[in-house]
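Colleague: Quick one: structure below, then a few questions.
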Amino acid sequence: MTATSIKSPRKNGSSAASARRLKSEQILGEVQDVLASTQVIDIHTHLFSPAFGKIGLWGIDKLLTYHYLESEFFRSSDTTPEEYWKLSKTERADAIWQALFVENSPISESTRGVVAVLDAFGLPTNASGLQEARRFFGAQSIQSHIRKVLQIAGASDVVMTNDPLDPEERPVWMSGGQNHPQFHAVIRLDRILWGWPQHWQQLASEGYAVDERASGKSIDEVRRFLADWHKRMRPLYMAVSLADTFQFPDERCITSKLLSDAVLPSCRELGLPMSLMIGVRRQVNPRLRLAGDAVGKADLRSIENLCREFPENRFLVSVLSRENQHELAVYARKFNNLMPFGCWWFLNNPSIVEEITRERIELLGTSFIPQHSDARVLEQVIYKWHNTRRTLAPILANAYQLLLADGAEITRQKIQRDVNRLFRTNFQKWTGFRDE
Ligand code: RAT
Ligand code: ZN
């Protein structure tokens with residue numbers, strides 16, 4: 001298959017046919033068609049627009065050295081992490097290709113993803129080496145490649161993760177930022193919210209009167225910092241990833257204080273939701289670097305307390321542990337300022353996505369955001385969104401079939417309305433983000 005022959009999501013059609021009552025056996029096909037033709041807003045990625053230059057990752061070597069694949073590599077190779085980190089990027093990609101794609105069948109979710117990307121561009125999926133793929137990606141120009149990739153993925157917009165304290169991103173924001181129409185910013189606050197002891201001095205050196213204990217004027221000054229970065233980035237929301245041990249409220253903890261006294265008031269003032277991604281156990285194996293994080297079950301009373309104490313704030317929440325998913329959906333029934341989103345990281349496997357999505361539909365109807373890609377390398381959006389559509393289709397179809405059996409009328413129009421909500425308007429309503 002070549003790039004141009006790929007079936008990418010089409011524009012929606014509307015006709016009398018969409019109002020026609022569907023029979024049970026027509027439902028799956030209609031659902032598949034609606035999912036394929038509806039452009040998604042990818043609400044959380046680690047992608048960057050071309051303005052950010054080299055920190056925007058794309059191409060075969062970056063795809064193969066994705067940290068999800070690196071952790072799989074060490075299970076199928078005798079190379080130690082220390083030996084691996086000494087290799088160049090190209091050598092690492094070659095080693096991963098050899099171990100996971102040549103010597104073994106790439107049947108895990110992340111390895112299958114690379115196969116799907118190669119196939120999407122008509123590149124060999126079972127070659128012994130990467131020469132042809134490297135030639136192909138090397139010949140692309142980034143602007144048109146982005147357009148092509150997003151079109152194949154059926155994604156109209158991607159939301160970035162932008163850390164105002166990141167030395168690589170900063171210069172771009174300080175010299176005018178970015179204005180790519182399909183890329184949108186998010187203020188990521190990990191360094192401030194849980195990395196305060198290591199990072200408060202950076203704020204201080206930029207002229208914000210903060211101190212190590214976040215006392216005195218610090219809270220007002222963090223708010224001034226956020227307002228300044230809001231002007232620079234025009235973000236759609238603020239975000240943080242939190243450990244499984246996160247508690248709220250927690251008198252002894254600076255994270256809790258900064259969140260309630262600085263970040264949430266700023267979110268209210270600026271009209272932004274706050275995204276909380278909870279459940280990471282950082283660096284359980286530091287030898288693996290970025291691949292060394294794991295998962296832990298969190299105490300979701302923190303969410304209950306936040307949603308109840310701050311009814312004027314809107315929260316986007318994703319939890320990493322499978323064991324927390326049901327509770328999260330139940331809390332969303334209790335608090336309409338809570339929007340569950342995504343099947344994140346170790347959850348982004350068809351079996352788990354299926355379970356979580358069914359649970360959410362049964363408890364929340366269409367009032368949730370089923371998925372985000374979390375892509376770190378541009379072309380990953382192709383397989384991640386393809387897989388999401390493929391997993392969602394039978395789940396949604398099954399929900400309509402049950403509804404039909406219970407006596408309702410199912411039409412394409414209704415399916416389209418629901419998919420719009422799941423793929424776009426739940427997020428748009430939460431963030432105020434409008435189609436151009
Ligand atoms: O999924 C990932 O790539 C993780 O490494 C994390 O970056 C996570 O998505 C996050 O946003 O913290
Ligand atoms: Zn992420």
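Colleague: Do you know which residues across the range 274-307 are closer than 20 Å to LEU328 by Cα and more than 16 Å from ligand 2 (Cβ to nearest atom)? Talk me through it step by step, then tell me what you get.
Modeller: Here is the first cut: in the range 274-307, the ones closer than 20 Å to LEU328 by Cα are 274-281, 294-307.
Result: GLY296, LYS297, ALA298, ASP299, LEU300, ARG301, SER302, ILE303, GLU304, ASN305, LEU306, CYS307.
Colleague: Counting only residues that are crowded, with 23+ Cβ neighbours inside 10 Å and within 16 Å of ligand 1 (Cβ to nearest atom), give me the helices (runs of 4 or more DSSP H) lying completely in the range 21-85 with at least 1 of them. Lay out the reasoning, then the answer.
Modeller: Values: elements: 24-37, 60-64, 67-76.
So the answer is 60-64, 67-76.
Colleague: Contact list please: Cβ distance under 9 Å, first residue in the range 255-283 and at positive phi, second residue assigned to a strand (DSSP E or B), pairs at least six apart or on different chains.
Modeller: GLY279/SER241; GLY279/LEU242; GLY279/ALA243; GLY279/VAL295; GLY279/SER318; GLY279/VAL319; GLN283/ALA294
Colleague: Quick one: in the range 328-351, of everything that is within 14 Å of ligand 1 (Cβ to nearest atom) and among the hydrophobic types (A, V, I, L, M, F, W, C), which residue is surrounded by the most Cβ atoms within 10 Å (Cβ to Cβ)? Steps first, please.
Modeller: At the first step, the residues of the range 328-351 found to be within 14 Å of ligand 1 (Cβ to nearest atom) are 341-349.
Those left that are additionally among the hydrophobic types (A, V, I, L, M, F, W, C): 341, 343-347.
Details: PHE341: 23, CYS343: 27, TRP344: 21, TRP345: 18, PHE346: 17, LEU347: 21.
Checked the range 328-351; the qualifying residue surrounded by the most Cβ atoms within 10 Å (Cβ to Cβ) is CYS343.
Colleague: Moving on. Does the range 262-299 hold any residues that are among the hydroxyl-bearing types (Ser, Thr, Tyr) and within 19 Å of the chain's Cα centre (by Cα), and which are they?
Modeller: Narrowing the range 262-299 to residues among the hydroxyl-bearing types (Ser, Thr, Tyr): 266, 275.
SER275 - this is the single residue of the range 262-299 that is among the hydroxyl-bearing types (Ser, Thr, Tyr) and within 19 Å of the chain's Cα centre (by Cα).
Colleague: Then there is this: What are the residues in the range 43-87 that are of a type in the set (Asp, Glu) and either within 16 Å of ligand 2 (Cβ to nearest atom) or touching a residue at least 24 places away in the same chain (Cβ under 8 Å) (or both), if any?
Modeller: Taking the range 43-87 and keeping what is of a type in the set (Asp, Glu), we get 61, 70, 72, 78, 82-83.
Answer for the range 43-87, where residues must be of a type in the set (Asp, Glu) and either within 16 Å of ligand 2 (Cβ to nearest atom) or touching a residue at least 24 places away in the same chain (Cβ under 8 Å) (or both): ASP61, GLU70, GLU72, GLU82.
Colleague: Has the range 144-155 got at least one residue that is at negative phi, within 16 Å of ligand 2 (Cβ to nearest atom), surrounded by 13 or more Cβ atoms within 10 Å (Cβ to Cβ) and under 25 Å from the mean Cα position of the chain (by Cα)?
Modeller: The first filter runs over the range 144-155 and keeps only residues at negative phi, leaving 144-153, 155.
Right, trim to within 16 Å of ligand 2 (Cβ to nearest atom) and you get 155.
Within this subset, residues satisfying the condition of being surrounded by 13 or more Cβ atoms within 10 Å (Cβ to Cβ) are 155.
Checking which are under 25 Å from the mean Cα position of the chain (by Cα) leaves us with 155.
So far as the range 144-155 goes, yes, one or more of its residues are at negative phi, within 16 Å of ligand 2 (Cβ to nearest atom), surrounded by 13 or more Cβ atoms within 10 Å (Cβ to Cβ) and under 25 Å from the mean Cα position of the chain (by Cα).
Colleague: When residues of the range 360-383 are filtered for being touching a residue at least 40 places away in the same chain (Cβ under 8 Å), more than 16 Å from ligand 1 (Cβ to nearest atom) and out of contact with any Leu (no Cβ under 7 Å at 6 or more places or on another chain), how many remain?
Modeller: Matching residues across the range 360-383 total 3.
Colleague: Please pick out the residue among ALA116, ALA93 that is outside the structural domain of LEU288 (by TED's automatic domain parsing), touching a Ser or Thr at 6+ places or on another chain (Cβ under 9 Å) and under 29 Å from ASN420 (Cα atoms). If you could, list the steps in order and put the result at the bottom.
Modeller: Numbers: ALA93 fails: under 29 Å from ASN420 (Cα atoms).
ALA116 is the lone residue from the list that is outside the structural domain of LEU288 (by TED's automatic domain parsing), touching a Ser or Thr at 6+ places or on another chain (Cβ under 9 Å) and under 29 Å from ASN420 (Cα atoms).
Colleague: Tell me, please, whether a residue that is touching a His at 6+ places or on another chain (Cβ under 8 Å) and either closer than 20 Å to ASP190 by Cα or without any contact (Cβ under 8 Å) to a residue 12 or more places away in the chain (or both) can be found in the range 290-298.
Modeller: Yes; the residues of the range 290-298 include at least one that is touching a His at 6+ places or on another chain (Cβ under 8 Å) and either closer than 20 Å to ASP190 by Cα or without any contact (Cβ under 8 Å) to a residue 12 or more places away in the chain (or both).
Colleague: Suppose we keep only residues that are in a helix (DSSP H, G or I) and within 16 Å of ligand 2 (Cβ to nearest atom) within the range 360-400. Which one would you say is farthest from SER49 (Cα to Cα)?
Modeller: THR388
Colleague: Out of the range 261-291, which residues are in a helix (DSSP H, G or I) and over 19 Å from TRP229 (Cα atoms)? Explain how you work it out, then say what you get.
Modeller: First, pick out the residues of the range 261-291 that are in a helix (DSSP H, G or I): 261-270, 286-291.
Once the filter is applied, which keeps residues that are in a helix (DSSP H, G or I) and over 19 Å from TRP229 (Cα atoms), the range 261-291 yields PRO286, ARG287, LEU288, ARG289, LEU290, ALA291.
Colleague: Right, something else. Could you tell me whether THR357 is within 16 Å of ligand 1 (Cβ to nearest atom) and part of a helix (DSSP H, G or I)? Before the answer, list the steps.
Modeller: On the way: within 16 Å of ligand 1 (Cβ to nearest atom): no; part of a helix (DSSP H, G or I): yes.
When the stated conditions are applied, THR357 does not pass them.
Colleague: Now for a separate question. Say we look at the range 156-178 and pick out the residues that are aliphatic (A, V, I, L, M) and part of a loop (DSSP other than H, G, I, E, B); which of these is nearest to PHE427 (Cα to Cα)?
Modeller: MET160
The values are calculated or read from the model by the stated rules, or taken from the named source; none is laboratory data. Computed from a predicted model, the values in this text were never measured in an experiment. Reconstructed Cβ throughout: ideal geometry from the backbone, glycine too, with neighbour counts over all protein chains shown.
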